[in-house]
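Enquirer: Pasting in a structure now, in structure tokens, and then I'll have a few things to ask.
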Amino acid sequence: MTDKATLTIGDKSYDLPILKGSTGPDVLDIRKVYAESDHFTFDPGFTSTASCESKITYIDGDAGVLLHRGYPIDQLAEKSSFLEVCYLLLNGELPKADEFAKFEHNITYHTMLHAQFDRFFEGFRRDAHPMAVMTGAVGALSAFYSDSINVDDPREREISAHRLIAKMPTIAARAYKYTVGQPFVSPRNDLSYSENFLRMCFAVPAEDWKPNPVLTRAMDRIFILHADHEQNASTSTVRLAGSSGAHPFACIAAGIACLWGPSHGGANQEALEMLETIGSVDNIKDYVQGVKDRKYKLMGFGHRVYKNFDPRAKVMQKTAHEVLGQLGHNNDPLLNVAQELEKVALNDPYFVDRKLYPNIDFYSGITLRAMGFPTNMFTVLFALARTVGWISQWKEMFEDPTRKIGRPRQLYTGATHRDYVPVESR
Ligand code: CMC
């Protein structure tokens, strides 16, 4: 097999090296195309462009495969814990027992926030969307933890990574408590990561939160399913922001802002709202017709990379059944709507021809709602879990000796040179 491709423009030819990963499609190396041929490449939406080299996450969208450091997502969701997956993503290998104990201790002892940070929340309106609060609060972390923002110091990089993973549940729970007008609940070191988060969200001074192992396990699994997803929009945002040398708190705040969009992390809120709008299985036919008439999209369906079942959606669906079963919501009308809608779409040529399958967001909303989270918290939970993916990708980018500031070019179609005209002559 050839290790180079040839690009011909007019009467000149240029060699493009073909790079091979450990698996997945080969990649044409176009780095010298502009210097040698005076042409840019054009790929809005990056549908054919690999923006970096990475060893963290692999997706085969046609086969519906998702691997973190080589391990399949369903095995991790079944057998691992979110904190162990955090260690794996950050460090490349599953931890030995003593390595994990040290990591868990580090994360646990970084969960508290600077006392003054709590006053920061008071600057937001009570009806602010918790994602707005998250974007601001995470961006503000550097003002409170400025002792770990020297990106050139590996130890400071590690401390800020641990701080982000550890403090994100505390910030997310405060964003929730603030919007519902309840006092903040402090983290407790005797609880697991997910148990702690649920308690910080649902305990009130009048009544402590009672752990429910099924719900805690579901929370942990939901975090695992969202932990990383290769070079998606928010991760690419984090990498691009970091390519300038910006510190991780700023980069993760940028990632959160990007995640909020309805085509990305905001889809879980929209998917649940869509199921509520449909309301009953009787309305599915008309709703699906509206999708086919391009009035709106079927939220929680379709994916840029998966042209098969999103492997996370399968685990999510199982988790939804476990949670609803545990809470006695087996006959939740929205679950019935979701199941029927999935069936209708998977048998309709519009969706079949376009290879549109349920993605992770299709069943996550139903599950989170049953667990007690309001819809505006769904994307916050996604951000919490994705923080480890962002920070692992940021770390990999930063430690890559070939790192360069990200600077795409453009196909310019605007006005060419023209002389300024004074206002009275226009
Ligand atoms: N409902 C109806 N039609 C769709 C949908 C959908 N959800 N998704 C794609 N299509 C159609 C689209 O209109 C197009 O049709 P045509 O070729 O006739 O114009 C075709 O399928 C290809 O779609 P595309 O827009 O070129 O695909 P994309 O890769 O640019 O978009 C997507 C991917 C995820 C933005 C899109 O599928 C979508 O908007 N889905 C709904 C939102 C959603 O669930 N997002 C969560 C993604 S998973 C979690 C995450 O990564 O954040």
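Enquirer: List pairs: first in the range 401-424 and open to solvent by less than 100 Å² (accessible area, probe 1.4 Å), second charged (D, E, K, R), Cβ under 8 Å, 6+ apart or cross-chain?
Expert: Hits for this filter: G406/R239.
Enquirer: What tally of residues in the range 263-282 results from selecting those that are more than 14 Å from the ligand (Cβ to nearest atom), in contact (Cβ under 8 Å) with a residue 12 or more places away in the chain and of a type in the set (D, E)?
Expert: Count: 1.
Enquirer: Just a yes or no: is a residue in the range 209-221 touching a Lys or Arg at 6+ places or on another chain (Cβ under 9 Å), assigned to a loop (DSSP other than H, G, I, E, B) and more than 29 Å from A63 (Cα to Cα)?
Expert: Scanning the range 209-221 turns up at least one residue that is touching a Lys or Arg at 6+ places or on another chain (Cβ under 9 Å), assigned to a loop (DSSP other than H, G, I, E, B) and more than 29 Å from A63 (Cα to Cα).
Enquirer: Let me ask you something else. Looking at the range 355-365, can you tell me whether even one residue there is within 23 Å of V288 (Cβ to Cβ), in contact with a His (Cβ under 6 Å, 6 or more places away or on another chain) and open to solvent by less than 20 Å² (accessible area, probe 1.4 Å)? Before the answer, list the steps.
Expert: Step one: list which residues in the range 355-365 are within 23 Å of V288 (Cβ to Cβ), which gives 355-365.
Then keep just the ones that are in contact with a His (Cβ under 6 Å, 6 or more places away or on another chain); that gives 359.
Then keep just the ones that are open to solvent by less than 20 Å² (accessible area, probe 1.4 Å); that gives 359.
Within the range 355-365, one or more residues are within 23 Å of V288 (Cβ to Cβ), in contact with a His (Cβ under 6 Å, 6 or more places away or on another chain) and open to solvent by less than 20 Å² (accessible area, probe 1.4 Å).
Enquirer: Scan the range 25-42 and tell me whether some residue there is in a strand (DSSP E or B) and over 22 Å from P408 (Cβ atoms). Can you show your working first?
Expert: Keep residues of the range 25-42 that are in a strand (DSSP E or B), which gives 27-28.
Okay, now just the ones that are also over 22 Å from P408 (Cβ atoms), so none.
No, the range 25-42 contains no residue that is in a strand (DSSP E or B) and over 22 Å from P408 (Cβ atoms).
Enquirer: May I pose another question? Kindly list, by first and then second residue, each pair from a residue in the range 355-372 that is at pLDDT 90 or above to a residue that is more than 10 Å from the ligand (Cβ to nearest atom) and part of a loop (DSSP other than H, G, I, E, B), limited to pairs with Cβ atoms under 6 Å and residues at least 6 apart or on different chains.
Expert: That search, which allows pairs on different chains as well, returns Y357/F309; A370/L327; A370/H329.
Enquirer: Continuing with the same structure: Being within 23 Å of T135 (Cα to Cα), within 16 Å of the ligand (Cβ to nearest atom) and buried (at least 16 other Cβ atoms within 10 Å of the Cβ) is the requirement here; does T375 meet it? Show your work before the answer.
Expert: On the way: within 23 Å of T135 (Cα to Cα): yes; within 16 Å of the ligand (Cβ to nearest atom): yes; buried (at least 16 other Cβ atoms within 10 Å of the Cβ): yes.
It is true that T375 is within 23 Å of T135 (Cα to Cα), within 16 Å of the ligand (Cβ to nearest atom) and buried (at least 16 other Cβ atoms within 10 Å of the Cβ).
Enquirer: Also: Just need a number here: residues in the range 249-262 that are open to solvent by 10 Å² or more (accessible area, probe 1.4 Å) and near the ligand (Cβ under 8 Å from one of its atoms).
Expert: 1
Enquirer: Identify, please: which residue in the range 287-333 is within 11 Å of the ligand (Cβ to nearest atom) and touching a strand residue (DSSP E or B) at 6+ places or on another chain (Cβ under 8 Å) and is, among those, nearest to P72 (Cα to Cα)?
Expert: Result: R312.
Enquirer: Read through the list (1) open to solvent by less than 90 Å² (accessible area, probe 1.4 Å); (2) within 27 Å of P401 (Cβ to Cβ), then give the number of the only condition that D3 fails.
Expert: Unmet for D3, out of (1) open to solvent by less than 90 Å² (accessible area, probe 1.4 Å); (2) within 27 Å of P401 (Cβ to Cβ): (1).
Enquirer: Read through the list (1) within 8 Å of the ligand (Cβ to nearest atom); (2) of a type outside the set (A, V, I, L, M); (3) buried (at least 24 other Cβ atoms within 10 Å of the Cβ), then give the number of the only condition that Y350 fails.
Expert: Unmet for Y350, out of (1) within 8 Å of the ligand (Cβ to nearest atom); (2) of a type outside the set (A, V, I, L, M); (3) buried (at least 24 other Cβ atoms within 10 Å of the Cβ): (3).
The values are calculated or read from the model by the stated rules, or taken from the named source; none is laboratory data. The model shown is predicted, which means the values in this text are computed figures rather than measured ones. Counting neighbours? That spans all protein chains shown, and the Cβs are built from the backbone with ideal geometry, glycine included. These area figures cover heavy atoms from the full protein model, side chains too; ligands, DNA and RNA do not enter into them. Shrake-Rupley method; radii C 1.70, N 1.55, O 1.52, S 1.80 Å.
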